[in-house]
Amino acid sequence: MIKSLRGFRDILYPESKKFTEFENIARRVMDAFGYKEIRVPVMEQKELFIKSTGETSDIVSKEMYTLEDAGGRNLALRPEATPGIVRAYLENGLYNTQPVQKLFCIGNMFRAERPQKGRYREFEQIDVEYIGNPNPSADAEVIILLDKIFKQAQVEGYTIELNSLGCPKCRPPYREKLLSFLKQNEDKLCENCVERIEKNPLRSLDCKTDKLWLRDKAPKMKLCLDCENQFNQVQELLTASGLKFKFNPNMVRGLDYYSKTVFEFKSVEIGSQDAIAGGGRYDSLIKSMGGPDIPSIGWAMGVERVLSIIKKEPKAVYPLAFVISADKEGQTRAFVMMQELQNAEIQTGGGLFSQSLKSQMRVADKTNAKYALILGEEEIKSNSVTVKNLKSGSQEKIARDKIINFLEKNK
Ligand code: AMP
């Protein structure tokens, strides 16, 4: 038998319902905040991710699913949504009509990581981008929006961490300082950090293996006045909005394009994969992709990880009516009645008319239906339906034209 790929999963009911319910909550909140949905392709030119997410990022250099199509084009399955959204923003000229765009995207991402709990090769992200607003209120808004979604969905026990990565003015001198510190301590770094020391020294600050000793000893970032003001204002706005957060000077995030504010929502409940969502400012990304100079901020949330810490189970839904018939004429009428019930938005099961009455009843019981609706010869004669309450076992005959009324009253 052909099996699914490692790290790729089937999501069956009722888990699938958990996804839909969570997405619906997120949609409602994003709608209230004025974010509009954008859907972008799952596959793009490989070049797009190299140029935006960055060649030195793990998700591009190690984890991207790439392929060459029949026309010799180099393609990639999206490892994250921001590059596609920014491309769409530019390609569709959205900035000509309205440079400020508040967008969200819900979809699956692909990363060839080593699968483990909370880490898949295909997973769902909800992604938010606030394009075109340099004001700290945009930073605060997207963080508050994320928090609001979690609160509405009863996600508990998470913390919010914040940092500023500076800008092209203050980051390069810091990078140099950190680089020389790392070079002096190269023998104490893990393999990964040694490898990326020149390409992306900042990444060693949040390396899981090295960070304990690095955290204390590494030189600290000194923000320029602009960045410091920006960062202070973001914190002020969050505090004024009643949000609790922690400053984490070692949080750098994995992607190359971030500047200024970066943040992560973490939960200890998911073990080593502790980030449930994260994001930051990407003020120079749009320009670097050939667009105008438009500062932006966004985040991405991993839906699987979030769902794994929501304790509340979705409400199970069972058919209200299960339609049963075991003779030929009854079947046609039963089939038509099923559609009437479905049209009235009554959850209806049944239709297993090739099986015996007894086995149809057994299935009705198994589906946890409340009522079995039986239509046989006798019922046709008396223009009625036998309604059996599968919970109490009681049975009554109801006039055919009163059945919807009865079910609606006895939901
Ligand atoms: P990132 O774009 O790496 O910051 O990821 C944003 C969020 O997506 C993370 O906080 C996780 O919740 C989720 N995520 C990232 N990679 C995976 C993965 N391989 N499997 C499941 N969720 C993931």
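The values are calculated or read from the model by the stated rules, or taken from the named source; none is laboratory data. Since we're looking at a predicted model, the values are computed, not measured. In this analysis, Cβ positions are derived from the backbone assuming ideal geometry, glycine residues included, and neighbour counts consider all displayed protein chains. Accessible surface areas use protein heavy atoms only, side chains included; no ligands, DNA or RNA. Shrake-Rupley method; radii C 1.70, N 1.55, O 1.52, S 1.80 Å.
So for segment 344-362 (the condition being of a type in the set (D, E, K, R) and farther than 24 Å from E21 by Cβ), does at least one residue qualify? Yes - at least one qualifying residue is present in segment 344-362. Looking only at residues in segment 326-344 that are free of Cβ contacts under 8 Å to residues at least 24 places away in the same chain and closer than 14 Å to I403 by Cβ, which one is most open to solvent (accessible area, probe 1.4 Å)? The selected residue is N343.
Looking across segment 100-109, the residues that are within 13 Å of the ligand (Cβ to nearest atom) and among the aliphatic types (A, V, I, L, M) come down to I106, M109.
Of all residues in segment 287-305, those that are out of contact with any Gly (no Cβ under 9 Å at 6 or more places or on another chain) and either farther than 17 Å from S16 by Cβ or not assigned by TED's automatic domain parsing to the domain that holds L145 (or both) total 7. One residue stands out in segment 125-181 among those that are assigned to a loop (DSSP other than H, G, I, E, B) and free of Cβ contacts under 8 Å to residues at least 60 places away in the same chain: the one that is most open to solvent (accessible area, probe 1.4 Å), namely K169.
Just name the residue that is farthest from L146 (Cα to Cα) out of those in segment 273-302 that are within 12 Å of the ligand (Cβ to nearest atom) and open to solvent by 10 Å² or more (accessible area, probe 1.4 Å). Step by step, filter segment 273-302, then rank; the result is Q273. The listed residues are K311, K222, K244, and the only one of them that is basic (K, R), closer than 17 Å to S164 by Cβ and more than 10 Å from the ligand (Cβ to nearest atom) turns out to be K222. For residues that are modelled with pLDDT of 95 or more, within 7 Å of the ligand (Cβ to nearest atom) and not charged (D, E, K, R), tally how many sit in segment 110-123. The total comes to 2.
Answer yes or no as to whether I398 is open to solvent by less than 30 Å² (accessible area, probe 1.4 Å), over 30 Å from E21 (Cα atoms) and touching a Phe, Trp or Tyr at 6+ places or on another chain (Cβ under 8 Å). It is true that I398 is open to solvent by less than 30 Å² (accessible area, probe 1.4 Å), over 30 Å from E21 (Cα atoms) and touching a Phe, Trp or Tyr at 6+ places or on another chain (Cβ under 8 Å). Here the condition is being open to solvent by less than 10 Å² (accessible area, probe 1.4 Å), more than 22 Å from L94 (Cβ to Cβ) and within 16 Å of the ligand (Cβ to nearest atom); of V234, V268, V262, it holds for V262 alone. Has segment 345-352 got any residue that is modelled with pLDDT under 95 and either assigned to a strand (DSSP E or B) or open to solvent by 50 Å² or more (accessible area, probe 1.4 Å) (or both)? Taking every residue of segment 345-352 in turn, none turns out to be modelled with pLDDT under 95 and either assigned to a strand (DSSP E or B) or open to solvent by 50 Å² or more (accessible area, probe 1.4 Å) (or both).
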